[in-house]
Amino acid sequence: MSWFDRLLVLGLPLVPRPVMKRLGRRYVAGEERTAALELGARLEAAGYRATYDVLGEAVARPDQVTAALSEYRALFADLRRRGLELNLSCKPTQMGLLIDQELCFRSVDELVRLAGAGGGFVRFEMEDSPTVDGTLGVFARLRREHGDRVGCVLQAMLRRSEADARALLAAGGPLSVRLVKGIYVEPEEVAFQDRQEIRNSFLALLERLLAGGARVGVATHDDFLYEGYLRLLTAHPEWRERSELQMLLGIRDDLRKRARAEGVPVRVYVPYGSHWVPYVKRRLAHNPRLARLALVGLFRRRERLGD
């Protein structure tokens, strides 16, 4: 971590709310559901796909899980009313993983049932390494119950992800995986630290998952990884229908437009909600490099995705 990155992270608790809001505005749709729905509609009209993420994580009380479920129910109703794709993402610790795994399973099970009734999909996310075993344990139950209506996430930076991918494929049945580099600061014994090692792990996992029959969300803003993905599609055109590029809101608009122009399906994550301040602070603290990107975002407007 550079001295500049360290200084930015140390100063995060002192940042006033109005400034923090400006830091996060490029990467968060807004506090209200209507802002996310309007953005999602523009994305679909412009030829993109959208996944909706109600912000919140690391909850400590069951009533916080109940509140998150209530917002997701309202989101589902509005998506159906507007005729938008029913595709959402939820965090394991938002759904109660740190409280009780059974509570987490029941909560996500309800979401998947709601989505499945309308032909929709739920992405059960992944967080830092201490939560991986619990997350994959809950996902295994969800997958047995709902098949390809629910998907998981693997992080290329984690050394264990190769074994986890093998186990997921060996379990049989439909499998949907969002493949990411990973944003959490992890110890060396748990995660690769070198950038190229992480890239190599990502491409190896991508090939293994696609060759094994999984549907894969290729979540990256890295040109090197995008080019590697394109090479795999050239060598195996049949993999195209089981994969898509997935990107975060407000990052690498140039790559997003390039992929769309090249005929690669692109999905944009649309996070929203009142918990945006802790979300932004946790993200920046977990990965200091994002703090620099957010600082640049103070002086740049997010592109109108419907243009």
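The values are calculated or read from the model by the stated rules, or taken from the named source; none is laboratory data. Bear in mind that the values here come from a model prediction, so they are computed numbers and not experimental data. Backbone-built Cβ (ideal geometry, glycine too); neighbour counts: all protein chains shown.
Here are the numbers for the structure shown:
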{"quantity": "Residues located in the range 192-215, provided they are in contact (Cβ under 8 Å) with a residue 40 or more places away in the chain and either touching a Gly at 6+ places or on another chain (Cβ under 7 Å) or closer than 15 Å to VAL153 by Cα (or both)", "calculated": "SER201, PHE202, LEU205, ARG208, LEU209, ALA214, ARG215"}
{"quantity": "Filter pass, ALA170 being among the aliphatic types (A, V, I, L, M) and in contact with a Gly (Cβ under 8 Å, 6 or more places away or on another chain)", "calculated": "no"}
{"quantity": "Residue ID - nearest to ASN87 (Cα to Cα), chosen from residues in the range 117-160 that are without any contact (Cβ under 8 Å) to a residue 60 or more places away in the chain and of a type in the set (Ser, Thr, Tyr)", "calculated": "THR135"}
{"quantity": "Any helices (runs of 4 or more DSSP H) falling wholly within the range 1-97 and containing at least 1 residues that are modelled with pLDDT under 70 and buried (at least 17 other Cβ atoms within 10 Å of the Cβ)", "calculated": "3-10, 17-24"}
{"quantity": "Given (1) part of a strand (DSSP E or B); (2) of a type outside the set (A, V, I, L, M, F, W, C); (3) free of Cβ contacts under 8 Å to residues at least 24 places away in the same chain, index of the condition ARG231 fails", "calculated": "(1)"}
{"quantity": "Some residue of the range 136-159 being among the polar types (S, T, N, Q) and either farther than 18 Å from ASP53 by Cβ or in contact with an Asp or Glu (Cβ under 8 Å, 6 or more places away or on another chain) (or both)", "calculated": "no"}
{"quantity": "Test: residue in the range 166-184 that is buried (at least 18 other Cβ atoms within 10 Å of the Cβ), touching a Pro at 6+ places or on another chain (Cβ under 8 Å) and more than 19 Å from GLU71 (Cβ to Cβ)", "calculated": "no"}
{"quantity": "Condition met for ARG256 (out of contact with any Phe, Trp or Tyr (no Cβ under 7 Å at 6 or more places or on another chain), on the phi < 0 side of the Ramachandran plot and buried (at least 16 other Cβ atoms within 10 Å of the Cβ))", "calculated": "yes"}
{"quantity": "Within the range 221-253, considering residues that are small (Gly, Ala, Ser) and on the phi < 0 side of the Ramachandran plot, the one surrounded by the fewest Cβ atoms within 10 Å (Cβ to Cβ)", "calculated": "ALA235"}
{"quantity": "Some residue of the range 115-138 being charged (D, E, K, R), closer than 22 Å to ALA36 by Cα, assigned to a helix (DSSP H, G or I) and under 19 Å from the mean Cα position of the chain (by Cα)", "calculated": "no"}
{"quantity": "Flag for LEU284 being among the hydrophobic types (A, V, I, L, M, F, W, C), modelled with pLDDT under 95 and assigned to a helix (DSSP H, G or I)", "calculated": "yes"}
